[in-house]
Amino acid sequence: ATTLGKKLFEDGEPFKDASGKQYGTVWDLDLIIVSPLLRTLQTCTEIFGTKPLINRSTKRKIDIVALEIVKEFPQGRHYANKIDVSIDEMKQQFPHIDFKSLEDHHEKNKQENPSDTETDEMWENAFKKSKGRGESRHDLKARVDRFLKIIRTMAAEKVAVVSHSSFLHGVLCGSSKDDSVGGSLAHCQPLVFLLPS
């Protein structure tokens, strides 16, 4: 496992914000959300492993859920930001991750268009809309707003998100009502984010 994974699990190092305030350890999490791009699925697996995780306080399983909305920004521009394997392949390679959200979305699309193959619709739509230039910062802001709305409706209080620096930067900026959403953060760094009420 990675050095970060060792610190979080074996050493039980707590998550801290920039000021050093501690927010508990990985064992206090209620949920883990991961982008379904291969690099984040691999990072998530390196950090959290493949064995079931149990919250020490609630004794409940900590689910790891793949959500398309937390994919890299911009969608529709760089092919590296596109899902290029089937959901079945992802499930086979990462059986410890829940891909139900992607399956449900794909199934709905298939019912509306039976001839549709399993494509990365989010990326394809952004590509068509932007004529290959990718999502705008306005598109990212809208995606961040949808993500924050999803988080607020979940029963989970402490959520880890394994995503991409540009998207997470958008979350941090977007939550402060700042219209300059975009940019990036340092890679592979844990950040503590308190969701504003």
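The values are calculated or read from the model by the stated rules, or taken from the named source; none is laboratory data. No experiment lies behind these values; they were computed from the predicted model shown. We place every Cβ from the backbone using ideal geometry, glycine too, and count neighbours over all the protein chains shown. What goes into the accessible areas is simple: the full protein's heavy atoms, side chains included, and nothing from ligands, DNA or RNA. Shrake-Rupley method; radii C 1.70, N 1.55, O 1.52, S 1.80 Å.
Laid out as a table, the results:
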quantity	calculated
Lone unmet requirement of (1) in contact with a helix residue (DSSP H, G or I) (Cβ under 9 Å, 6 or more places away or on another chain); (2) in a helix (DSSP H, G or I); (3) modelled with pLDDT of 90 or more; (4) under 27 Å from Ile47 (Cα atoms) for Lys141	(4)
Subset tally (residues that are of a type in the set (Ser, Thr, Tyr), more than 22 Å from Ile33 (Cα to Cα) and open to solvent by 30 Å² or more (accessible area, probe 1.4 Å)) for the stretch 115-171	3
Verdict on Thr43 being polar (S, T, N, Q), surrounded by 15 or more Cβ atoms within 10 Å (Cβ to Cβ), touching a helix residue (DSSP H, G or I) at 6+ places or on another chain (Cβ under 8 Å) and at pLDDT 65 or above	no
Hits in the stretch 68-98 - residues which are modelled with pLDDT of 95 or more, in a loop (DSSP other than H, G, I, E, B) and under 16 Å from the mean Cα position of the chain (by Cα)	Phe94, His96, Ile97
Pairs where the first residue, in the stretch 24-52, is closer than 13 Å to Val65 by Cα and the second is aromatic (Phe, Trp, Tyr), C-beta under 6 Å, 6+ apart	Leu41/Phe94
Test for Ile62: is it open to solvent by less than 70 Å² (accessible area, probe 1.4 Å), under 17 Å from the mean Cα position of the chain (by Cα) and at pLDDT below 85	no
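Results for (1) in contact with a Lys or Arg (Cβ under 9 Å, 6 or more places away or on another chain); (2) at pLDDT 85 or above; (3) open to solvent by less than 50 Å² (accessible area, probe 1.4 Å); (4) outside any loop (DSSP other than H, G, I, E, B), shown as yes or no for each residue.
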{"position": "Lys7", "(1), (2), (3), (4)": "no, no, no, yes"}
{"position": "Glu13", "(1), (2), (3), (4)": "yes, no, no, no"}
{"position": "Ser19", "(1), (2), (3), (4)": "no, no, no, no"}
{"position": "Thr50", "(1), (2), (3), (4)": "no, yes, no, no"}
{"position": "Glu103", "(1), (2), (3), (4)": "yes, yes, no, yes"}
{"position": "His106", "(1), (2), (3), (4)": "no, no, yes, yes"}
